[in-house]
Amino acid sequence: MEKDDYFKIGYVAKAHGLKGEITMMITAEADFGQIDSFFVELRGTLVPHFIKAISNRGDKAFIKLDEVDTLDQANTLKGCSIYLAKEARPKLKRGEFYDDEVIGFEVHDEIIGILGTIKEISSNGPNRLLTLYHKTKEVLIPVNSPFIKSLNKSKKVMKVELPDGFLDI
């Protein structure tokens, strides 16, 4: 089981109630109506857990897990990251992508040429930003903008069109 085959959807914030329920903080999109199990990272190992019941409320989910029946058992999961298999993710529309999918993609500007390789996607409030280095300078490109023109997942290339002077900021 390779960790690269999974993506983090949240973490256990705390125990909830006295019968082994947990409160999960959600950090990534997932179709909670379709999830019947997930993996909890315990001491560097992904351990499968099956869901008995789940109630999703915004950025939190209240979850009852199979074989976690006491407050003490739930408390042992506090702070642990929760993962799903990447293959279980919902399919996205054409041109959309999950943040971890584009790490390592080359970014090409239609005029300048190759700008660099995507190092990470960060969030600044509701805005997602591509982070890459162009000539040793960190460049942040908004994802939620008209800058991104195309995405080729098989070639690992993202084409952008930056306004004049964007790289001088």
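The values are calculated or read from the model by the stated rules, or taken from the named source; none is laboratory data. For clarity, every value in this text was computed on a predicted model and none was experimentally measured. FYI the Cβ positions are ideal-geometry reconstructions off the backbone, even for glycines, and counts take in every protein chain you see. Heads up: the accessible areas ignore ligands, DNA and RNA and are worked out on the full protein's heavy atoms, side chains in. Shrake-Rupley method; radii C 1.70, N 1.55, O 1.52, S 1.80 Å.
With semi-axes √(5λ) of the Cα gyration tensor in Å in mind, check (i) 26, 23, 18; (ii) 36, 17, 14; (iii) 38, 15, 14 and report the label derived from this structure.
Checked against the structure: label (iii).
So, for segment 43-138, what is the accessible surface per residue at a probe of 1.4 Å, expressed in square angstrom?
I get 64 Å² per residue for this part.
If the limit is 29 Å between Cα atoms, which of LYS119/LYS149; LYS8/LYS156; LYS52/LYS119; LYS14/LYS93 go over it?
Too far apart for the 29 Å limit: LYS52/LYS119; LYS14/LYS93.
Taking the Cα centre of the chain as origin, sum charge times position over the Cβ atoms of Lys and Arg (+1) and Asp and Glu (-1), and report the length of that vector in debye to the nearest 20.
140 debye
Would you tally the net charge around LYS64, using a Cβ to Cβ cut-off of less than 12 Å, leaving LYS64 out, and scoring K and R as +1, D and E as -1?
Counting the neighbours of LYS64, the net charge comes to -2.
Which of the trypsin sites (Lys or Arg not before Pro) across segment 43-121 are loop residues per DSSP, with 10 or fewer other Cβ within 10 Å?
Qualifying residues, ordered by number: ARG43, LYS91, LYS93, ARG94.
I'd like the carbon and sulfur percentage of the solvent accessible area for segment 1-154, probe radius 1.4 Å, heavy atoms only, ligands and nucleic acids excluded.
Of all accessible area on segment 1-154, carbon and sulfur atoms account for 48 percent.
Summing Lys, Arg as +1 and Asp, Glu as -1, what charge do residues with Cβ under 10 Å from the Cβ of LEU46 carry, LEU46 excluded?
Combined, the nearby Lys, Arg, Asp and Glu give -2.
Kindly state, to the nearest 0.05, the FRET efficiency for LEU71 paired with GLU2, given R0 = 25 Å and r defined as their beta-carbon distance.
0.15
With each run of n ≥ 4 DSSP H residues scored as -39500 (n - 2.57), what mean residue ellipticity at 222 nm is computed for the chain after dividing by its residue count and rounding to the nearest 500 deg cm²/dmol?
Here the helix-only value at 222 nm equals -500 deg cm²/dmol.
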